[in-house]
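Peer 1: Here it is, the structure in full.
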Amino acid sequence: SVCVCEREREGERAGMAQREVPRITVALVTPFTPSGGIDEEGLKRQAKWVAAQGVKAVIPGGTTGEFAAMSASERLRVLEITREAMPDAFIFANVSACAVGDALELTRQALSSGTARPDGLLLLPPFYHKPFTPEQGEKGVEMFYRCYLESLS
């Protein structure tokens, strides 16, 4: 089991809890309209189709790349749409960002999003640039996560 964020449900306490993560997690691709907005109906259809195939866990706006070009409000809307389409699914919020402060803000917004609150978080180490000196190496990645966790509490 993995320590994840437990959605607030009637009769349950919000916060961190041990919960079994389903064995298969699918990263949903965010569909867009020709004008560049989120194709909300397309996302709902995709999420419902994935659920109908037996998938119990998803990462909306996950590791498929488009999240890096989306605003925080768009990323939260994708989370909301997915929760509406898959109310019983285990949903990870991708809070990955190049800066710890941005990742923290995404985390706080996701955790306070009410009915769309995620069951878990996905946080990649900083990407698309080399944020650590050669001397820091793997310790730099550890520093990123420590800073994130210490600032979150």
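Peer 1: Near the amide H of LEU28, under 5 Å away, which other amide H atoms are found, from residues 5 or more places off or on another chain, if H is placed in the peptide plane?
Peer 2: The answer is ILE59, GLY61, GLY62.
Peer 1: Still on this structure, please answer the following. Provide the per-residue ³J(HN,Hα) series for segment 102-118, in order, calculated from phi with Karplus coefficients 6.51, -1.76, 1.60 and θ = phi - 60°, each as a whole number of Hz, with x at glycine and proline positions.
Peer 2: Those phi angles translate into 5, 5, 5, 5, 4, 4, 4, 5, 5, 6, 9, 7, x, 5, 8, 3, x Hz.
Peer 1: Working with all protein chains in place, sort PHE67, PHE92, PHE32 by solvent-accessible area computed with a 1.4 Å probe, largest first. It would help to have the intermediate numbers written out before the result.
Peer 2: Working: PHE67 10, PHE92 30, PHE32 85 Å².
Descending order: PHE32, PHE92, PHE67.
Peer 1: Please give me the summed charge of the neighbours of ALA103: other residues whose Cβ is under 14 Å from its Cβ, Lys and Arg +1, Asp and Glu -1.
Peer 2: Here the count lands on 0.
Peer 1: Could you state how much accessible area ASP102 has, in square angstrom rounded to the nearest 10, with a 1.4 Å probe and all protein chains kept in place?
Peer 2: 90
Peer 1: Ok, one more. How much accessible area does THR64 have with a 1.4 Å probe, in Å² rounded to the nearest 10?
Peer 2: Result for THR64: roughly 60 Å² accessible.
Peer 1: Another question, if that's okay. If I ignore ligands, DNA and RNA and count only protein heavy atoms, how much of ARG45 is accessible to a 1.4 Å probe, in Å² to the nearest 10?
Peer 2: 150
Peer 1: Further, regarding this structure: Enumerate the amide H contacts of PHE90 below 5 Å, restricted to partners 5 or more residues apart or on another chain; note that Pro and chain-start residues carry no placed amide H.
Peer 2: Residues meeting the amide H criterion: ALA57, VAL58.
The values are calculated or read from the model by the stated rules, or taken from the named source; none is laboratory data. The shown structure was predicted, so the numbers you read here are calculated from the model rather than taken from an experiment. Quick reminder, even Gly has a Cβ in these numbers, built from the backbone with ideal geometry, and neighbours come from all protein chains shown. Accessible surface areas use protein heavy atoms only, side chains included; no ligands, DNA or RNA. Shrake-Rupley method; radii C 1.70, N 1.55, O 1.52, S 1.80 Å.
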